[in-house]
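This report concerns only the one structure given below.
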Amino acid sequence: MDVSADIMENDAGRVSVDGNGGCRAFDAGIDQYMEELRVARRSSPHTVSNYARDLRSIAQSARSRGVDDWQALTASDVRSIIAEQHRDGISGRSLARRLSALRGLFNFLLGQGHCEVNPAQDILAPKDKKALPATLDPDEVSRLLAHNLNDPMICRDLAMFELMYSSGLRLAELVSIDLADLDLCVGQVRVTGKGGKVRDLPVGEHAIKAINKWLGYRRSLPGADDSAVFLSSRGKRIAPRTVQMRLKKLAESQGLERDCYPHMLRHSFASHLLESSGDLRAVQELLGHADISTTQIYTHLDFQHLAQVYDKSHPRARRDKIVEE
């Protein structure tokens, strides 16, 4: 598709508005760049579609600021547009992609001789606030795991979730556990985490009881000779998706008005342990975090809890007791 005729140049070679008075230079530049992505670079249709949408959004904001073509766009304009879109609720991740699309467009226009600078070159997207992980409080955990039925599959579920909460396991670590990894006599489980890193973790009393009860049922299942600790009803190693669905179902049956997922148990483990012990390094080791900064998010959860207690309890913090003069 040849759209070069839509871009007009003045004596200085500046890309400008077409003869009909419209801001066709914006659209024509986008069209040419999309053609470059599709044909020369063989970018995926998904990338082309996203970049086109991102660039049109920036062009629309530029027009509202009185900018009539790409070459007239300055670094100051780009900063203002990104800041404005962030205030409108566009996430930092989405804005980073928009800046990437804009930088790519200007690099293309530079190569075509249609502009002299890339105004987006050194501009960074604003960072989003890191969302705090969702956790269950201790009462909710107790309620979730309060079943005492003699159904083999429910016993398996309780054993899995007791172990996840007891030892702070990732979902992938849980489903990978073999019988040889368990030493219930000393209360220990060996797991292989990210990067193949192996760590030995303590297993609590409630989890040991639940696992032993499950192992009693496990012997009668088809495929009981398999090495996996947690099996499906067909005797195969349980799949991560099945674990997710079973936890959701268990939470609903126990009346928890929360969207429960396996990693929430790991978050709860870390938050409750840090709240009680204050030992960040120990929690880091138990979780298998390579960098302690990853573990530090749980200190924010702990502070959040303490701040709520403070606001409810401290006589000088309770707003309802303040009388304005």
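Only the coordinates and a few stated rules stand behind these numbers; no lab work does. None of the values given here were measured: they were computed from a predicted structure. Because the Cβ atoms are built from the backbone with ideal geometry, glycine has one as well, and the counts that use them run over all protein chains shown.
For R237, enumerate residues with amide H under 5 Å from its amide H, sequence gap 5+ or separate chain, H modeled in the peptide plane.
Under 5 Å from the amide H of R237: S232.
Per-residue HN-Hα couplings for the range 112-123, Karplus 6.51 cos²θ - 1.76 cosθ + 1.60 at θ = phi - 60°, whole Hz, x for Gly and Pro?
Once θ is set to phi - 60°, the couplings for the range 112-123 become 8, x, 8, 8, 10, 9, 10, x, 9, 4, 10, 9 Hz.
Could you state the principal axis extents of the C-alpha atoms in the range 138-313, from the largest down, to the nearest angstrom?
Taking max minus min along each principal axis of the Cα atoms, the range 138-313 gives 54, 37, 28 Å.
Which pairs in the list K213/K248; K213/K236; K209/K236; K209/K248; K194/K249 are over 26 Å apart, alpha-carbon to alpha-carbon?
Check vs 26 Å cut-off fails for K194/K249.
Extension gain Q60-R38, at 0.36 nm per residue separation less the Cα-Cα distance, in nm?
Values: separation 22, 0.36 × 22 = 7.92 nm, distance 2.31 nm.
Once the chain is fully extended between Q60 and R38, it gains 5.6 nm.
Between rounded, prolate and oblate, where does the range 129-221 land on the alpha carbon gyration tensor, with a ≥ b ≥ c its root eigenvalues, rounded for a/c under 1.5, else prolate if a/b exceeds b/c? Let's see the in-between values first.
Working: a/c = 1.89, a/b = 1.14, b/c = 1.66.
Oblate.
Please give the FRET efficiency for N150 paired with A282, using the beta carbon to beta carbon distance and R0 = 45 Å, rounded to the nearest 0.05.
Details: r = 37 Å, r/R0 = 0.82.
That gives a FRET efficiency of 0.75.
Quick check: pseudo-label points 7 Å beyond the Cα along Cα→Cβ at S49 and A290, how many nm apart are they?
My value for the distance between the label points is 3.4 nm.
Could you run the Karplus curve 6.51 cos²θ - 1.76 cosθ + 1.60 with θ = phi - 60° over the range 67-76 and give me ³J(HN,Hα) per residue in whole Hz, x for Gly and Pro?
8, 10, 7, 5, 5, 7, 6, 9, 4, 5
According to the square roots a ≥ b ≥ c of the eigenvalues of the Cα gyration tensor, what is the shape class of the range 40-175, taking rounded for a/c under 1.5, prolate for a/b larger than b/c otherwise, and oblate for the remainder? Let's see the in-between values first.
Numbers: a/c = 4.31, a/b = 2.87, b/c = 1.50.
Prolate, because a/c is 1.5 or more and a/b exceeds b/c.
Quick one: what are the phi-derived ³J(HN,Hα) couplings along the range 134-150, Karplus 6.51/-1.76/1.60 with θ = phi - 60°, whole Hz, x for glycine and proline?
Values per residue, Gly and Pro as x: 6, 9, 9, 7, x, 5, 5, 4, 4, 5, 4, 9, 8, 4, 9, 9, 9 Hz.
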